[in-house]
1. Hand me the list of strands (runs of 3 or more DSSP E) wholly inside the range 114-185 holding 3 or more residues that are touching a residue at least 12 places away in the same chain (Cβ under 8 Å), within 16 Å of the ligand (Cβ to nearest atom) and under 25 Å from residue 33 (Cα atoms).
2. Scanning for something more than 21 Å from residue 65 (Cα to Cα), touching a helix residue (DSSP H, G or I) at 6+ places or on another chain (Cβ under 6 Å) and buried (at least 19 other Cβ atoms within 10 Å of the Cβ), does the range 151-174 turn up at least one residue?
3. Condition first: under 15 Å from the mean Cα position of the chain (by Cα) and more than 19 Å from residue 196 (Cα to Cα). Can you find one or more residues in the range 5-18 that meet it?
4. Here is a list of conditions, (1) more than 22 Å from residue 185 (Cβ to Cβ); (2) within 16 Å of the ligand (Cβ to nearest atom); (3) in contact with a strand residue (DSSP E or B) (Cβ under 9 Å, 6 or more places away or on another chain); (4) not in a helix (DSSP H, G or I), and residue 95 meets all of them except one; can you say which number that is?
5. Among the numbered criteria (1) under 27 Å from residue 219 (Cβ atoms); (2) within 16 Å of the ligand (Cβ to nearest atom), which single criterion is violated by residue 110?
6. Mind listing whichever residues of the range 212-245 are farther than 21 Å from residue 12 by Cα and not in a loop (DSSP other than H, G, I, E, B)?
7. Quick check on residue 207: is it surrounded by 19 or more Cβ atoms within 10 Å (Cβ to Cβ), touching a helix residue (DSSP H, G or I) at 6+ places or on another chain (Cβ under 6 Å) and not in a loop (DSSP other than H, G, I, E, B)?
Ligand code: PGA
């Protein structure tokens, strides 16, 4: 079930989604949150930090799991998702460091790492709320369009469109890692609730696929969200351009 909220622009998307998430955290202060990176959630995280600083949000019992991480990029690298999360959220709120979970894409044995992460999610009782963005090519997490999609945490080769889109976070496009670890489609769909946010015309095609595709299509990974019973989609008018309301 998709619940659609269309707002004016990026700032409103960031505020409405932050309020939505804050309500959930206030209802259950020990939630397990699945978190996303990229340009889209930066404003949402900034709003959560503001609420925390005002005293209206408490992260002390929240647990977090990130969706994905580049392979072979040290955590200290300024473009790693580890660094992103610390800069955009973790270093500014009262999360217990023991409750923060990220994949490590720079280990020698990626098989052990992905099994460790799958198990850790299970051990913590599963993800209550998963925050998602969507790629221009319809990817969720780093589940790129393909003839088949993996269920659990796995290593994936980044699509050309993803490498181009993410080049802005690196000195040059050649520095963008070619592989990443990501939660699989099953890991995402097992979350009890999902919130997807998107803004801008470049996301309109992926949003159209999400709402209008008549089939579940691994070449359009976002369509798998149609199988989930509780997805809230908060997007701006530009991203909603291709769906008739
Ligand atoms: P973006 O990425 O927020 O930087 O547009 C979204 C995604 O790739 O899921």
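1. 129-132, 179-182
2. No, the conditions are met nowhere in the range 151-174.
3. no
4. (2)
5. (2)
6. 212, 221, 222, 223, 224, 225, 226, 227, listed by residue number.
7. The answer is no for residue 207.
Here, each number is a calculation from the coordinates, and none is a lab measurement. Being a predicted model, the structure only gives us computed values, none of them experimental. Note that we place each Cβ from the backbone using ideal geometry, even for glycine, and neighbour counts take in every protein chain shown.
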